[in-house]
Structure formats: C-alpha cells, structure tokens
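To keep things clear, I will list the structure first and then write my remarks on it.
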Amino acid sequence: MIAKTGTTDSTDFWATAGRHLMHTGVPFSPVIITQAKGTRLYDANGRQILDFTSGQMSSLLGHSHPEIVEVVQRYAERLDHLLSNMITQPVVDLAVRLSRILPAPLEKSFFLNTGSESTEAALKIAKCYTGKFEIVAFSASYHGLTQGSGSATYSAGRKNGGPAMPGQLVFPAPYAFRSPFRKADGSYDWETELEFGWSMVDRQSVGSLAAFIMEPILSTGGILDTPVGYLKRMSEECRKRGMLLIMDEAQTGVGRTGQMFAFEREGIIPDILALSKTLGCGLPLASVTTTAEIERGCKEAGFLWLTTHLNDPLTAAVGNKVLEIVERDNLCEAAAQRGQQLRNGLLKLQKKHWCIGDVRGRGLFQGIEIISDLRTKAPGSAIGQAVSDRAMALGLSCNIVSLPGMGGVFRIAPPVTVTAAEIEEGLHILDDAFDFVLSSKSKSTLEGQALNTIVNSQAPEPMVDQVNLENAGNIA
C-alpha cells in the first residue's frame, strides 16, 4: 500500500479503510498523514500542513518533541508496563511534581490513560466520598463517552445509547454570544443566568447532590470561556450545597491558556482535578488529583479503581518530562504572548470578514464562531466547514465543531511551542480561506442560505473523493 517513494495510493488506501475500519460517528479526514514533526504535518503527497489543533488538542509541545522521544525510547527499552500495583519511580516523581505545582490541599494523584477515564474516576470518587449520586454538568459539556462521563456530557453522543446514569442534572452553559440572559444594555447577564441554573438544579434534585463537573473553558461546546468571577461564584454555590467541584482540564491544563491551570485565574481550588490530553503531549496519559481528606473518605468507603494501565511507568515518565519542560522553558508565558498575538490577528479577521460573529478564548486556546446572517446571528456551520476545507487545502489544519444550537466554531489551539512567524502564517492562510469562500458566492446568498458545497476547486493538491465531511470537526 505504501510505495517505496513514501507516497500512498489513495484509492487503494481508502478502499482498504472502507472495508476494515468501523465508522464511529466521526467522518475520516480526507488527508492521509504520514509524518508529524513540531507544528507540521506531512501528507502522502509530501505536502506540509501547519497544525493549529495540536493533534487531538493534545500535542502540547508539538509533535515528536526530541526530549519526549528520548524518554519514550528509554522507558520502552527498560520499564514500560507492570502489574498495576507495582509503583515505580516515574509514577512517584510525577505525583510529587503535580503536588508541588498544584495549590494545597491537592496532593493525592493516580494516573490513567484518557480523559474519559479520568472524569469517570473523578465522578466515582465524588459519589464514593459524599455518599450521594447526583451529578451536575453544563448543557454544552463534553467529559467523555464512557457511561458516567457520557451521562455528564450534553454537547454530543447522548442518542441511542440507552438510559443515562441516574441523577444527571443539566446547568445552562455560559454562552455569552447566544445566551438569552441580557442586561438592559444588552450585555451578558451571567449572574442572573447562574442563579436561574441553580434554581433549576435545586428544584430537580432529590437531595443527593454529589458534584458539579465542569471545564473552565468548554471546548467541544464551542470555546465557551467562563466570565471573570463565574468560577468563584460556582465554587461558593457548590460549597453551600455540600457538593464537590470537579475541574476537567483535559484541554486547558498544563499552560495552554497562559497559566499552568485555567482555574487559577480566579484563585479557586477544585476538590478533584482531572487532566489528560496535554499532560501526555499526545501519548495516552491522564491524571486524577484530589485531597488527602477525600482520599481518606474514599478509602473508608471501599473505593476501587483498577485498570490494566493504572500508573504505567512509561507514560508517567513522559508526563513528568512535559511538566518539567513547561516550567523550565516558561511556556505558560510563551502561551500568553503567542496567544495574544493570535487573538489580535483573529480580531483583525473579524473586522474584515462579516461571517466571524465572535472571537473568544484564552492564551493559545481561541475560538471563532461563524454566522450566516449579521442581523440574526444564525449559525454558519456550512460556511465554517467550507473555510476549514479550504484552509486544509492551503496547508492549515484547524478544527471546527458544528453542534445543534450553535454556529460552526473553530477551535484554534497550536502547540505552546509555536513561533510568532507560524502564528502569522496560520492567520494568513485563514484570511485567504475566508477570502476564497466568501468571494465564491455573494454576501446576500451566504446570509440567506447555507453554503452546501465543499470549496476546493482551486486547491493546490486534490483532496480525497467520496469522503463524507458533514460535521467533520465534531471531535472532542
């Protein structure tokens, strides 16, 4: 299938993929990637693609960072995987480092594989410690698709999977661009919305509120950043009700927002912190961290969490190296600086291109929401998908999420090692992609109807034929 020249027979590749790969609800990308290095992807035709998604929002330091490669090679050779009850030095080292960089009393950690697994474990901890079972989550949340985490996920994946876990309560997501809660001057009234949300939770609850699980910036929900003061107020409301606060920083943790953890902006301390994606820099590593008091209560209640890859040494060593590099190289500050450059560039694009309805986010975790009508702010998912396709054809990978009730939202999250020149390169490609799509039909046509065709007629390289790209960006 792979020729000696390094090229791929795309017809054979897609035919074979179609025969043997099961579709899981996420359409395949039309490009065949053969190598990833730093901020660059390389396709089967040898074309370079600038990666503004950090892989699956995970390759925080870029692809194949040399120090991460060295750690993987060393531990693959000498200490890769053991019985889950065998604790090794890399596991202890990572737990110690997390305890040092996290605010007290967060000091007790264990290590897993994925974001779904970390949130699943966090939810079980909360239920075990409190003896209660009700879980509150945002209406645009994404915490995974396993049974517990999927039950606390409201943005996608709830259909045709049977009943959710008992006690699931939904809370209005802080969606400033589209929220119906407005002050007299038209600004977002998040305080009233928050009070309304809690009033609904209190009415629905049967008196068994265990925890509120939340992302400090909702990613799959459309890069919904919580207003300043929001998380502090939420923490206070949880305390009033004897609930634990679980913070899911799968995508915001480890420096991406300009701080090591996004919850630090408001000085709050969650009861349980779940990390994943960015901690492993693209490798399967997740963590759950809590307090000694919660660990004590769980132990007394008989808490059990046992998986094949619990506390694996190889991935723990990688996580320890990731945190070391982020601290050593001041990458939080770098993310803040490059993030401001990125945001400024996106705001300039918003002024130029009428279909960019909103720009939001923090650090190197930015979102732009696409609309199809300036007056009504009607969602512009089809326009956004066409821009995303055109950008890929021009050499930029940028993820777009299209979910009911929202527009198409680009999640722009380059590695924190991205350079100023690469930020400008990505912005230039985005600008060209918007120019191409918006000039291909009149403004009135675009405002009045969805753009139903994938615009790649002038792409530098041909894209794969007969690939369904509908909702192609809907990936956590």
Quick tally, 1.4 Å probe accessible area for Asp225, Asp329, sorted with the most first, runs Asp329, Asp225
Per-selection Kirkwood Rh - the chain (Cα, Å, 1 d.p.): 23.2
Under the rule rounded for a/c under 1.5, else prolate if a/b exceeds b/c, else oblate, using alpha carbon gyration tensor axes a ≥ b ≥ c, the stretch 320-423 is classed as prolate
Give the ranking of Phe365, Phe181 by solvent-accessible surface, highest area first, calculated with a 1.4 Å probe. Phe181, Phe365
Taking the Cα centre of the chain as origin, sum charge times position over the Cβ atoms of Lys and Arg (+1) and Asp and Glu (-1), and report the length of that vector in debye to the nearest 20. 560
The stretch 33-91: Rg to Rh, with Rh as the Kirkwood radius over Cα pairs: 1.13
Please report the projected area of the stretch 56-123's Cα convex hull averaged over all directions, in nm². 6.2
Length-normalised contact order of the chain, Cα under 8 Å, at least 6 apart, in percent, tallies to 20
Tell me the accessible surface of Asp185 in square angstrom (1.4 angstrom probe, heavy atoms of protein chains only), to the nearest ten. 120
Which net charge results when you count Lys and Arg as +1 and Asp and Glu as -1 among the other residues whose beta-carbon is under 10 Å from that of Arg100? -1
For Ala164 and Val69 in the same chain, what is the full-extension length gain: residue separation times 0.36 nm, less their Cα-Cα distance, in nm? 30.2 nm
On the formula 1/(1 + (r/R0)^6), with r taken between the Cβ atoms of Arg296 and Ser439 and R0 of 56 Å, the FRET efficiency rounded to 0.05 is 0.30
If you take the square roots of the eigenvalues of the alpha-carbon gyration tensor of the stretch 124-234 and sort them as a ≥ b ≥ c, do you get rounded (a/c under 1.5), prolate (a/b over b/c) or oblate? prolate
Using 0.36 nm per residue of separation minus the Cα-Cα distance, give me the extension gain between Leu21 and Leu349 in nm, one decimal. 114.2 nm
Neighbour net charge for Ser205 - beta-carbon separation under 12 angstrom, K R +1, D E -1: +1
Summed residue charge, Cβ within 12 Å of Phe365's Cβ, Lys/Arg positive, Asp/Glu negative: +4
Any chance you could look up the accessible area of Thr290 with a 1.4 Å probe, heavy atoms only, rounded to 10 Å²? 10
Set the Förster distance to 41 Å, then compute FRET efficiency between Lys240 and Asn85 from the Cβ-Cβ distance, nearest 0.05. 0.55
Where labels lie 7 Å past Cα in the beta-carbon direction, separation of Ala76 and Lys183 in nm: 5.5
Additional length obtainable on full extension of the chain from Ile33 to Arg100, 0.36 nm per residue less Cα span: 20.3 nm
First check a/c for the stretch 179-283, with a ≥ b ≥ c the square roots of the eigenvalues of its C-alpha gyration tensor; if it is under 1.5, answer rounded, and if not, answer prolate when a/b is larger than b/c or oblate otherwise. oblate
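The values are calculated or read from the model by the stated rules, or taken from the named source; none is laboratory data. Since this is a predicted model, take the numbers as computed values, not measurements. Backbone-built Cβ (ideal geometry, glycine too); neighbour counts: all protein chains shown. Surface areas here come from the heavy atoms of the whole protein model, side chains and all, with no ligands, DNA or RNA. Shrake-Rupley method; radii C 1.70, N 1.55, O 1.52, S 1.80 Å.
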